[in-house]
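The values are calculated or read from the model by the stated rules, or taken from the named source; none is laboratory data. All values reported here derive from a predicted model rather than from experimental measurement. Cβ placement follows ideal geometry from the backbone for every residue including glycine, while neighbour counts extend to all protein chains displayed.
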C-alpha cells in the first residue's frame, strides 16, 4: 500500500487549478499502486470544512488541515513532514507553480527524499511511481525512479488534468503543528498585488504577445496596433520579463506565474520562448513567432516562424491585415 | 555582514547540450560559463554593499563541481566577490539536487553567512529548487524568485511574482534568497578585475573537510535515479521564413493566416 500526499494551494477561498490537477492525478495514480490520495491545506478561516470536503470530488480521501500563514512555503514543509512522519505516504505530488517548487525541494531536504521537478508525466510501474521530465530545452525526456521511502514529484504547470471522479466528501483532519523557528521568520506583508491595468486576455481568439524583443514599453504600441487591426476578439499579452520590467500589466502575463491561454492564433513578437512562457501558451491552435534570433527556442514549437526585425515587420503586417479585413 | 553567493558553471548557450550515452549523465565537457542567473545574485550582493543600508564585510563565491568549476569562481570574483570556496570531491559526482543542496549547505555551515544568495535557476537543469534545499538544511528562512530586495533592520523586504500577483515578504536574517533576472542589470567586469581574479584567495575543500556524510551524496547517496532517457514525441517542424524582403514576407504571413481562416 502506498499513499500519495498532495499540497493544495488556495487564495481568497478558491482552490488553485494546478493543485486540483495534482489531486486528480494523485487519485488516479494511487488507485494504480493500491493506495489513497491525501491532501494538505494550510491557511486561515477560509479553509472551511465544506471547502476541504470538496477535494473528495477530485479523488482525495483525507484532507489534513493546519492553521498557518498563506502563500509561504516553509510552514507547509513543516506540516507535510509531520503528516508523512505520522501517516507514511510514499509520494508527495505537486501541481505546477512557484510554491510547489519551494515546498517540494524543502521537503526533500527535510525527509532525505528524492525530488524531480518540471515533471510532465507520472506512471505506475508495479507499486512504484516513475516520473518523466523533459530536459535540454524539451529535446530529451529524463526518467526518474525513486528509492528510500519517499519520492517527491513536482509537476510542470498544466501537466496534470483536473478530473472530477470522486463522489464522496473527503474526511477533514485537523493537524496540530508547532512551526520550526525559521518557518516563522518570513512574513507576508502583501499578497497578490495586481500591477497595471486589469485587462482580459483569457477569452481572446487572437493574442498578439510581446516580449523583451519589443525593446521598450512604447514598443507595445506595435503589438496593440496589430491586435486592433485583427479587431473582434483580439488582445495583447506579455511575457514575465516585460511585466517585471513594468512595460505591461501583470493581468496580461502568460506562463508559469501568469495566465494559461489557448487562442486560435498566438502571435509572439520578440519572445524567445523560455519553458516558463511555453507552458502557458503551447496549447494555442496556431503559433506564429517573429524573432530576430534564428536560434530562439520559440521556433522549435511555432507553426510559422519569421526570422527578422519586428520593427520592420509588425507595422507592414498591421497595414496588410487592415487591408485584408477591408477587402 | 557576510554574504555567500552560490554559483555554478553551466554549458555555454552556444554549445549543443547532450547526454553522454556511456554514463547516462549530461555531457559537461563543453561547459565554460558562469550561470547567467548567478551574475544577478553577485550583482545583488554588490548593490547591498554599495547601498550603505548595511555594512557588507565580505562576499564569498561558493561552488561545488570538478576542477573546471574554478572558472565560474574566477568569473564571480571578477564581478565583485572578495574570495571563493570550491567544494570538490570525487565522492560528490552524480549527486542529485537534494544531495547537491545538502553538500553545499555543509560548506556554507563552515562559512557562517548572514545571507546566502543564488540565481533562481540554472541554465542546465535544476529549476528553482536548490535554494529551498539549502535553506532547510541551514534552518534559515528562504524565498525564491525575488526581484526586489531592501534591507529593513535585521530583515530583508523582498518582492516577487507568485501565483496570484506580486507578493511582498519580510525575511529575517540570516536567510537564503534566490533572485530572478529582473532584480538588476549585472555590471561588466573591468579588465583589471578580470586580470586580478586569479590572485584572489580561493579555498579548496573536500567532502570530509566540511563534514559531509558520504552516504548522502554522489550517485549512490542520491534518492533519484535518472540514468534513463527517451525522446519526446516527434512534432512536425513549423515553416520558417527568413525576412529578406519585408513586403514579400508579410504577403506570405497573410496567405498563411488566410489559409487557416484566421483573418
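Mind checking whether some residue in the stretch A:55-68 is in contact (Cβ under 8 Å) with a residue 12 or more places away in the chain, in a loop (DSSP other than H, G, I, E, B), closer than 28 Å to residue B:133 by Cβ and in the same structural domain as residue A:102 (by TED's automatic domain parsing)?
Residues of the stretch A:55-68 in contact (Cβ under 8 Å) with a residue 12 or more places away in the chain: A:55-68.
Next, from what is left, pick out any that are in a loop (DSSP other than H, G, I, E, B): A:59, A:68.
Imposing the further condition that a residue be closer than 28 Å to residue B:133 by Cβ reduces the set to A:68.
Going one step further and asking which of them are in the same structural domain as residue A:102 (by TED's automatic domain parsing), we end up with A:68.
Among the residues of the stretch A:55-68, at least one is in contact (Cβ under 8 Å) with a residue 12 or more places away in the chain, in a loop (DSSP other than H, G, I, E, B), closer than 28 Å to residue B:133 by Cβ and in the same structural domain as residue A:102 (by TED's automatic domain parsing), which makes the answer yes.
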(message) Considering only the stretch A:301-316, I want to know if a residue exists there that is more than 19 Å from residue B:255 (Cα to Cα), modelled with pLDDT of 95 or more, within 12 Å of chain B (Cβ to nearest Cβ) and buried (at least 21 other Cβ atoms within 10 Å of the Cβ).
(response) no
(request) Would you check if residue B:72 is at pLDDT below 95, more than 14 Å from chain A (Cβ to nearest Cβ) and in contact with a strand residue (DSSP E or B) (Cβ under 7 Å, 6 or more places away or on another chain)? (result) yes
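Does the stretch A:44-52 contain any residue that is in a loop (DSSP other than H, G, I, E, B), within 14 Å of chain B (Cβ to nearest Cβ) and touching a residue at least 12 places away in the same chain (Cβ under 8 Å)?
First, pick out the residues of the stretch A:44-52 that are in a loop (DSSP other than H, G, I, E, B): A:44-48.
Next cut, within 14 Å of chain B (Cβ to nearest Cβ) only: A:46.
Filter once more, keeping what is touching a residue at least 12 places away in the same chain (Cβ under 8 Å): A:46.
Within the stretch A:44-52, one or more residues are in a loop (DSSP other than H, G, I, E, B), within 14 Å of chain B (Cβ to nearest Cβ) and touching a residue at least 12 places away in the same chain (Cβ under 8 Å).
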(request) Would you mind listing the strands (runs of 3 or more DSSP E) fully within the stretch A:79-156 where at least 2 residues are at pLDDT 95 or above and surrounded by fewer than 18 Cβ atoms within 10 Å (Cβ to Cβ)? (result) A:121-125
(message) Please go through the stretch B:57-98 and give me each residue that is within 27 Å of residue A:117 (Cβ to Cβ), more than 16 Å from the chain's Cα centre (by Cα) and assigned to a helix (DSSP H, G or I), ordered by number.
(response) B:68, B:90, B:91, B:92
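Residue-wise test of (1) under 12 Å from the mean Cα position of the chain (by Cα); (2) outside any loop (DSSP other than H, G, I, E, B); (3) outside the structural domain of residue A:220 (by TED's automatic domain parsing).
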residue	(1), (2), (3)
A:247	no, no, no
A:251	no, yes, no
A:256	yes, no, no
A:262	no, no, no
A:276	yes, yes, no
A:280	yes, no, no
A:283	no, no, no
A:290	no, yes, no
(message) Could you check the stretch A:243-256 and list, in sequence order, the residues that are touching a helix residue (DSSP H, G or I) at 6+ places or on another chain (Cβ under 6 Å) and either more than 30 Å from residue A:71 (Cα to Cα) or within 12 Å of chain B (Cβ to nearest Cβ) (or both)?
(response) A:243, A:244, A:247, A:250, A:253, A:255, A:256
(request) Take the residues in the stretch A:218-245 that are surrounded by fewer than 19 Cβ atoms within 10 Å (Cβ to Cβ) and within 26 Å of the chain's Cα centre (by Cα), then tell me which one is nearest to residue A:284 (Cα to Cα). (result) A:233
(message) Quick test for you: out of B:224, B:210, pick the one residue that is out of contact with any strand residue (DSSP E or B) (no Cβ under 6 Å at 6 or more places or on another chain) and surrounded by 18 or more Cβ atoms within 10 Å (Cβ to Cβ).
(response) B:210
(message) Can you tell me which of (1) within 21 Å of residue A:112 (Cβ to Cβ); (2) at pLDDT below 95 is the one residue B:142 doesn't meet?
(response) (2)
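Taking helices (runs of 4 or more DSSP H) that fall entirely within the stretch B:150-263, which contain at least 1 residues that are modelled with pLDDT of 95 or more and either under 29 Å from residue A:136 (Cα atoms) or within 7 Å of another protein chain (Cβ to nearest Cβ) (or both)? Lay out the reasoning, then the answer.
Details: elements: B:191-196, B:218-221, B:246-259.
Of the helices (runs of 4 or more DSSP H) lying wholly inside the stretch B:150-263, those with at least 1 residues that are modelled with pLDDT of 95 or more and either under 29 Å from residue A:136 (Cα atoms) or within 7 Å of another protein chain (Cβ to nearest Cβ) (or both) span B:218-221, B:246-259.
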